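Here the structure is laid out as structure tokens; the discussion comes afterwards.
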Amino acid sequence: MLDYIFSNDFYKNIDAMIYTCGYESCAPGHSYGPIMRNGYLIHYVLNGMGIYKARGKIFRLREGDAFLICPHELIYYEADLHTPWTYTWIGMQGIKIKGYLERTSLPDDLVVHFGHDDQLRLCHEKMSEADRLTQNRDLMMNGILYEYLFLLTQKFPNSRAVVYEKKASHAEDALKYIEDHYCDPITIQEISDHLGINRSYLHRVFKTFTGVSIQSYLLDYRIRQACILLKSTDLSVRVIAHSVSFIDPLYFSRIFRQKMGVSPSEYRRNA
């Protein structure tokens, strides 16, 4: 029986955000999949038993266990026929989520034992409270998310965390540079020169920690900023194009349509 589910469509935090969470008491044999998800999800077993299949392995889980679902990986899970599980889950998306989780052992192990960790369990419980908020719900949920990620790094640290954090620092520095200079005609070479690292190395590190190339992210970031300007100002499309470093407004409109499915003017009218 599905007791509680939440789905978040907030666009306000592209670094990391909760996009879904919920609580379910499963019927005997209740299953989900085979399927691929587009975000990271952590399920925490409150009681009962079940199985989780991923990466060609079968994990038999019980109370206190938790399992990670990674984006674009085929997974399947099923409640026990005699003692079906009850679980709660948190779904995460964002450009920095992959790097944050790689500071833990979860991406390698997929399954860990939370035990009766009150702090981790409380993070799951606080999601239902945040869902009842009518204002600033995204801020509350993202606050819980960062606390949750911190607790995971403390309880399940990655033995290679020092290496990960050094690489993550390069990726985050690149993200910060893009956020500060997206309105200028910056190049990938300029970003790598600013960080003092090789361009090919920057490309590999950035894609490892964000899942996209730095070129794709820069273009997407500019389009996202253009969307904000279209929705919140009366500036002309030409001025908005220039504000996000597109010299040619016609080229900007063509790229915008490719990314958003509508022209800038149509996006503004719809908004």
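Odds and ends about this structure:
- Relative contact order of the chain, defined on C-alpha pairs under 8 angstrom at six or more residues apart (%): 15
- For the range 41-177: rounded, prolate or oblate by the Cα gyration tensor [a/c cutoff 1.5]: oblate
- Leading residue at positive end of dipole, the chain (Cβ point charges), from A226, I90, L151: A226
- Across q = 0.08, 0.12 Å⁻¹, the chain modelled as identical point scatterers on its alpha-carbon atoms has Debye log10 I(q)/I(0) values of -0.40, -0.85, in the order of the q list.
- Potential extension, L122-V239 segment - 0.36 nm per residue separation minus Cα distance: 37.4 nm
- Spin-label pair T208/D108, simplified geometry with 7 Å Cα→Cβ offset, distance in nm: 1.3
- Ligands, DNA and RNA aside, C227 has an accessible area near 10 Å² when probed at 1.4 Å.
- Histogrammed with a bin width of 10 Å, the alpha carbon distances of the range 146-271 distribute as 12, 35, 27, 19, 7, 0 percent, first bin at zero.
- Under a model in which nothing but the beta-carbon of Lys, Arg (+1) and Asp, Glu (-1) is charged, the range 128-261 shows a dipole of about 460 debye around its Cα centre.
- What separates the Cα centres of the range 211-271 and the range 22-93 is a distance of 39 Å.
- Dipole magnitude (debye, nearest 20) for the chain, charges at Cβ of Lys, Arg, Asp, Glu: 740
The values are calculated or read from the model by the stated rules, or taken from the named source; none is laboratory data. The model shown is predicted, which means the values in this text are computed figures rather than measured ones. Reconstructed Cβ throughout: ideal geometry from the backbone, glycine too, with neighbour counts over all protein chains shown. The area values use the complete protein model at the heavy-atom level, side chains included, leaving out ligands, DNA and RNA. Shrake-Rupley method; radii C 1.70, N 1.55, O 1.52, S 1.80 Å.
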